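Enquirer: Here it is, the structure, as structure tokens.
The values are calculated or read from the model by the stated rules, or taken from the named source; none is laboratory data. Computed from a predicted model, the values in this text were never measured in an experiment. Reconstructed Cβ throughout: ideal geometry from the backbone, glycine too, with neighbour counts over all protein chains shown.
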Amino acid sequence: MKVLISGGRIIDPSQQIDQVSDLLIENGCVKSIGDALDGDGAEIFDANGLIVAPGFIDLHVHLREPGEEYKETIASGSAAAVAGGFTSICAMPNTSPVNDNASVTRFIIDKAREAGIARVYPVGAITRESKGEELAEMAEMKEAGAVAVSDDGRPVMNAQVMRHAMEYARDHGLVVVDHCQDLDLSAGGVVNEGRISTLLGLKGMCGAAEESHVSRDLMLAELTGVRVHIAHISTAGSVEMVRRAKRQGLAVSCEVTPHHLALTDAAVAGFDTNTKMSPPLRSEEDRSALIEGVRDGTIDAIATDHAPHHLDEKMFEYDRAPFGVVGLETALGVAVTVLQHSSGIPITRIIELLTIGPARLFSLPGGTLAKGASADVTVFDPDGEWTVDPKRFKSKSRNSPFAGWQLRGSIVATFVGGREVYRRTITPSA
Amino acid sequence: MPFTRKDLLGIRELSVEEITTILDTAGSFKEVSARAIKKVPALRGKTVINLFFEASTRTRTSFEIAAKRLSADAVNISASTSSVTKGESLIDTAQNLQAMAPDAIVIRHPSPGVPHQLSKMVNASIINGGDGAHEHPTQALLDAFTIREHKGRINGLQVAIVGDIMHSRVARSNVHLLTKLGAHVRIAGPRTLLPVGYEGLIENSEGSLTVCEHIDGAIAGSDVVMMLRIQRERMTDAFFPSLKEYSIQYGLTLRRLALAAGDCIVMHPGPINRGIEISSEVVDSARSLILDQVTNGVAVRMAILFLLIGAEGS
């Protein structure tokens with residue numbers, strides 16, 4: 001079984017490759033990259049004018065299964081992933097039940113295998129039921145296939161519990177991922193605290209609610225020597241703290257979401273509940289700092305924090321609607337449009353943040369087109385213009401803040417292990 | 001000028017001309033309430049639903065009377081008697097109301113933005129009767145009407161707004177309205193109850209907005225002092241230590257009022273806490289226009305109903 005992806009611009013930051021070449025896949029693995037490769041007997045994919053990159057990796061996805069299958073399933077989330085060019089996704093543990101033990105971890109892996117679309121890597125909980133009290137069985141979850149631990153959405157408030165979690169995770173070679181939010185300081189908050197929250201009369205969450213936990217985690221990381229990964233970083237202050245910690249040589253990394261790169265809290269003004277997520281959309285100053293963090297290497301990965309919610313729930317009053325937006329199927333378009341076209345960040349850097357950047361953080365296979373690697377490949381049209389229509393999403397949910405946006409950058413095809421798992425059916429307007 | 005809006009969602013989006021139109025129309029309706037037979041046929045055959053998700057006596061009654069004096073049929077629905085407590089969602093409530101073909105829905109809701117969400121779901125005119133800490137446009141309009149009635153103008157006046165600024169939709173709507181009409185608004189209250197970025201509330205206004213460090217600085221030389229109600233539950237949320245301390249530090253007494261201009265008027269959106277944010281002596285003094293505000297509320301709400309649903313078909 002051979003596939004020849006011919007004539008595309010191959011960009012693989014893991015090998016510093018950026019050249020127009022052919023990519024030959026054989027038996028599910030990358031066979032070679034070169035000119036006029038022998039496609040004899042191969043299925044030919046004409047990638048002329050397109051970019052061929054390692055399959056994208058998303059460190060932060062909510063698949064909602066088990067427990068909330070009406071929002072998303074492992075299968076529908078996987079389909080959304082590959083439609084967005086993601087071949088590997090990390091499933092956050094805040095399901096029902098919480099992924100705090102090996103049997104839930106195995107359930108997720110089995111379901112993903114059954115779906116057979118994308119590679120799904122479970123993230124285990126830090127504490128039992130993510131209650132922030134007792135440690136979850138991290139070692140067993142790791143053995144079952146968990147790649148990191150996090151109490152995403154229900155941050156560990158007790159610093160002593162967090163310290164123990166870090167020490168224990170270190171013993172077992174697990175990265176600790178933290179959703180940094182002081183729940184007291186942000187109590188009742190639904191949007192960023194600032195001019196917009198004041199204008200709209202909505203309760204704000206101040207930047208310090210995130211930054212105080214980033215600061216705490218950095219200190220604990222230093223104390224415990226564990227690898228800490230800050231999820232969905234959202235304020236200028238957090239970026240600066242991570243920048244300084246990295247300079248000091250701490251084993252810390254962070255990710256940013258496309259929506260925090262593209263939007264500010266000004267988007268909340270119409271009370272569209274699809275602008276409600278945690279952390280909230282911040283100020284323009286914060287947004288610029290995130291873009292600078294992407295540019296200078298402080299930020300290591302783009303992760304979507306894909307958080308599907310049913311339309312019925314998002315039709316609630318703004319302060320009662322659930323936090324979260326879907327992001328898998330708009331990530332590339334938003335990144336190309338905002339980072340490349342509006343901020344002048346090279347496409348190679350964007351691809352790095354979607355491939356080898358995240359792969360290294362959780363020690364995942366993939367993120368590379370190195371010879372012999374599994375042929376997880378994403379082919380996209382960097383100039384393809386399209387209009388976001390949530391009705392066309394493969395995800396079960398429609399809660400996107402980008403509905404109606406004109407984006408550049410469109411996924412054309414996605415391969416997992418050499419097998420085509422997604423092919424664009426509509427040609428963009430441009 | 002003609003008033004072409006479908007809804008009255010907030011003051012922020014209104015132009016100076018629209019505000020003036022409402023105030024002028026209210027002026028012509030005020031006389032109706034002084035007649036022996038307090039009724040005109042302007043909205044005969046129209047239906048107004050008062051949908052209140054929060055307790056309210058004054059505002060709901062005011063809207064009901066306003067509708068009835070215009071000969072509209074007014075129906076009151078409060079959350080405790082509605083299906084909302086049975087778990088019906090906003091959209092279903094809206095669709096059911098819509099199915100009864102009301103011409104206007106007055107809504108009060110504890111969540112900011114509900115009138116905006118509702119306005120996209122129904123054809124009836126939506127009137128914001130107070131949405132969380134966001135806006136209370138009819139209150140600001142009746143306040144402006146009352147000020148104009150007593151001062152003859154709003155432009156150039158010094159207006160102090162004092163108290164729980166953070167949770168006050170009345171303060172927000174008044175800041176928008178008064179500064180649009182050229183007043184200079186000074187805000188004061190405990191720092192814990194002053195939301196960040198409050199100075200940034202106004203855009204392109206003729207007037208100005210200043211956040212004062214101390215209540216006395218806000219009151220000094222004011223033409224109008226507007227006190228806000230302080231709620232007991234703020235104390236348990238650690239916003240201030242005690243009602244006693246609050247009343248000493250932030251309450252309006254005759255002594256403090258002496259700092260204001262000689263002909264300063266005192267206002268309060270009600271309900272008042274006598275002896276806490278405002279002393280009884282001030283409430284009962286000739287300076288106090290608190291009851292005039294209530295009277296004018298009916299005229300202003302008549303004007304709003306008339307402008308929104310009276311023009312066409314009548």
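Enquirer: So residue A:271 passes all but one of these: (1) crowded, with 22+ Cβ neighbours inside 10 Å; (2) within 13 Å of chain B (Cβ to nearest Cβ); (3) closer than 21 Å to residue A:243 by Cα. Which condition number does it fail?
Expert: Failed condition: (3).
Enquirer: For the range A:380-388, check the following and say yes or no: at least one residue is farther than 19 Å from residue A:79 by Cβ, more than 14 Å from every other protein chain (Cβ to nearest Cβ) and assigned to a helix (DSSP H, G or I).
Expert: no
Yes/no per residue for (1) over 25 Å from residue A:122 (Cβ atoms); (2) surrounded by 18 or more Cβ atoms within 10 Å (Cβ to Cβ):
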{"position": "A:255", "(1), (2)": "no, yes"}
{"position": "A:281", "(1), (2)": "yes, yes"}
{"position": "A:308", "(1), (2)": "no, yes"}
{"position": "A:314", "(1), (2)": "yes, yes"}
{"position": "A:359", "(1), (2)": "no, yes"}
{"position": "A:365", "(1), (2)": "no, no"}
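Enquirer: Go through the range B:93-115 and give me each residue that's at positive phi and touching a residue at least 40 places away in the same chain (Cβ under 8 Å). Break it down into steps so the answer makes sense when it comes.
Expert: Restricting attention to the range B:93-115, the residues satisfying the condition of being at positive phi are B:101, B:113.
The one that is at positive phi and touching a residue at least 40 places away in the same chain (Cβ under 8 Å): B:101.
Enquirer: Tell me whether the range B:88-108 contains one or more residues that are within 14 Å of another protein chain (Cβ to nearest Cβ) and in a strand (DSSP E or B).
Expert: yes
Enquirer: So which helices (runs of 4 or more DSSP H) are wholly in the range B:181-293 and hold at least 2 residues that are touching a Pro at 6+ places or on another chain (Cβ under 8 Å)?
Expert: The qualifying helices (runs of 4 or more DSSP H) are B:243-250.
Enquirer: Please work out which residue is surrounded by the most Cβ atoms within 10 Å (Cβ to Cβ), limiting yourself to the range B:164-176 and to residues that are within 12 Å of chain A (Cβ to nearest Cβ) and assigned to a loop (DSSP other than H, G, I, E, B).
Expert: B:168
Enquirer: Scanning the range A:148-162 for residues that are of a type in the set (A, V, I, L, M) and surrounded by fewer than 18 Cβ atoms within 10 Å (Cβ to Cβ), which turns out farthest from the chain's Cα centre (by Cα)?
Expert: Among them, the one singled out is A:159.
Enquirer: Run down B:62, B:71, B:56, B:15 and say which single residue is hydroxyl-bearing (Ser, Thr, Tyr) and in contact with a Gly (Cβ under 6 Å, 6 or more places away or on another chain).
Expert: Going through B:62, B:71, B:56, B:15 in turn, just one is hydroxyl-bearing (Ser, Thr, Tyr) and in contact with a Gly (Cβ under 6 Å, 6 or more places away or on another chain): B:62.
Enquirer: Confirm whether residue A:49 is more than 25 Å from the chain's Cα centre (by Cα), modelled with pLDDT of 95 or more and not in a strand (DSSP E or B). I'd like the intermediate steps shown before the answer.
Expert: On the way: more than 25 Å from the chain's Cα centre (by Cα): yes; modelled with pLDDT of 95 or more: yes; not in a strand (DSSP E or B): yes.
So residue A:49 fits the description; yes.
Enquirer: With touching a strand residue (DSSP E or B) at 6+ places or on another chain (Cβ under 6 Å) and at pLDDT 95 or above as the only criterion, which of A:156, A:176, A:161 stands out?
Expert: So the residue among A:156, A:176, A:161 that is touching a strand residue (DSSP E or B) at 6+ places or on another chain (Cβ under 6 Å) and at pLDDT 95 or above is A:176.
Enquirer: Right, here's the next one. Could you list, in sequence order, the residues of the range A:205-229 that are within 14 Å of another protein chain (Cβ to nearest Cβ) and without any contact (Cβ under 8 Å) to a residue 40 or more places away in the chain?
Expert: Of everything in the range A:205-229, those that are within 14 Å of another protein chain (Cβ to nearest Cβ) and without any contact (Cβ under 8 Å) to a residue 40 or more places away in the chain turn out to be A:206, A:208, A:209.
Enquirer: Are any residues in the range B:177-189 within 14 Å of another protein chain (Cβ to nearest Cβ) and either in contact with a Lys or Arg (Cβ under 6 Å, 6 or more places away or on another chain) or closer than 24 Å to residue B:110 by Cα (or both), and if so, which ones?
Expert: Pass one, the range B:177-189, residues within 14 Å of another protein chain (Cβ to nearest Cβ): B:179, B:187, B:189.
Correct list: B:187, B:189.
Enquirer: Something else now. Of B:238, B:286, B:218, which residue is out of contact with any helix residue (DSSP H, G or I) (no Cβ under 9 Å at 6 or more places or on another chain) and surrounded by fewer than 19 Cβ atoms within 10 Å (Cβ to Cβ)? Reasoning before the result, please.
Expert: Working: B:238 fails: out of contact with any helix residue (DSSP H, G or I) (no Cβ under 9 Å at 6 or more places or on another chain); B:218 fails: surrounded by fewer than 19 Cβ atoms within 10 Å (Cβ to Cβ).
None of the others qualify; the one that does is B:286.
Enquirer: Kindly check whether there is at least one residue in the range A:81-96 that is more than 20 Å from the chain's Cα centre (by Cα) and either touching a residue at least 24 places away in the same chain (Cβ under 8 Å) or more than 14 Å from residue A:413 (Cα to Cα) (or both).
Expert: Taking the range A:81-96 first, the residues more than 20 Å from the chain's Cα centre (by Cα) are A:96.
From what's left, either touching a residue at least 24 places away in the same chain (Cβ under 8 Å) or more than 14 Å from residue A:413 (Cα to Cα) (or both): A:96.
The answer is yes, given that some residue of the range A:81-96 is more than 20 Å from the chain's Cα centre (by Cα) and either touching a residue at least 24 places away in the same chain (Cβ under 8 Å) or more than 14 Å from residue A:413 (Cα to Cα) (or both).
Enquirer: Right, residue B:50: touching a helix residue (DSSP H, G or I) at 6+ places or on another chain (Cβ under 7 Å), buried (at least 24 other Cβ atoms within 10 Å of the Cβ), within 14 Å of chain A (Cβ to nearest Cβ) and closer than 29 Å to residue A:315 by Cα or not?
Expert: no
Enquirer: Same structure, new question: Does the range B:128-163 hold any residues that are within 14 Å of chain A (Cβ to nearest Cβ), part of a loop (DSSP other than H, G, I, E, B) and buried (at least 24 other Cβ atoms within 10 Å of the Cβ), and which are they?
Expert: Result: B:133, B:134, B:136.
Enquirer: For the range B:120-127, state whether one or more residues are in contact (Cβ under 8 Å) with a residue 60 or more places away in the chain and within 14 Å of chain A (Cβ to nearest Cβ).
Expert: yes
Enquirer: Restricting to the range A:71-116, name every residue that is outside any helix (DSSP H, G or I) and farther than 26 Å from residue A:333 by Cα.
Expert: A:93, A:94, A:95, A:96, A:97, A:98, A:99, A:100, A:101 - these are the residues of the range A:71-116 that are outside any helix (DSSP H, G or I) and farther than 26 Å from residue A:333 by Cα.
Enquirer: Considering each of A:310, A:341 in turn, give the residue that is more than 14 Å from chain B (Cβ to nearest Cβ), farther than 24 Å from residue A:196 by Cβ and not basic (Lys, Arg).
Expert: That would be A:341, the only listed residue that is more than 14 Å from chain B (Cβ to nearest Cβ), farther than 24 Å from residue A:196 by Cβ and not basic (Lys, Arg).
Matching residues to (1) touching a strand residue (DSSP E or B) at 6+ places or on another chain (Cβ under 7 Å); (2) of a type in the set (Val, Ile, Thr):
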residue: A:229; (1), (2): yes, no
residue: A:255; (1), (2): yes, no
residue: A:261; (1), (2): no, no
residue: A:264; (1), (2): no, yes
residue: A:270; (1), (2): no, no
residue: A:277; (1), (2): yes, no
residue: A:284; (1), (2): no, no
residue: A:292; (1), (2): no, no
residue: A:299; (1), (2): yes, yes
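Enquirer: State the number of residues belonging to the range B:9-36 that are within 14 Å of chain A (Cβ to nearest Cβ) and assigned to a helix (DSSP H, G or I).
Expert: Of the residues in the range B:9-36, 0 are within 14 Å of chain A (Cβ to nearest Cβ) and assigned to a helix (DSSP H, G or I).
Enquirer: So, one more: Among the numbered criteria (1) small (Gly, Ala, Ser); (2) under 20 Å from the mean Cα position of the chain (by Cα); (3) surrounded by fewer than 18 Cβ atoms within 10 Å (Cβ to Cβ), which single criterion is violated by residue B:188?
Expert: (3)
Enquirer: In the list A:145, A:188, A:132, which residue meets the criterion of being of a type outside the set (D, E, K, R), surrounded by fewer than 18 Cβ atoms within 10 Å (Cβ to Cβ) and free of Cβ contacts under 8 Å to residues at least 40 places away in the same chain?
Expert: Residue meeting the stated conditions: A:188.
Every residue, every condition in (1) buried (at least 24 other Cβ atoms within 10 Å of the Cβ); (2) out of contact with any Cys (no Cβ under 8 Å at 6 or more places or on another chain), yes or no:
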site	(1), (2)
A:55	yes, yes
A:58	yes, no
A:65	no, yes
A:70	no, yes
A:77	yes, yes
A:88	yes, yes
A:97	no, yes
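Enquirer: Give me the residue from the range A:191-203 that is facing another protein chain (nearest Cβ under 9 Å) and among the aliphatic types (A, V, I, L, M) and, out of that set, farthest from residue B:114 (Cα to Cα).
Expert: In this case the residue turns out to be A:196.
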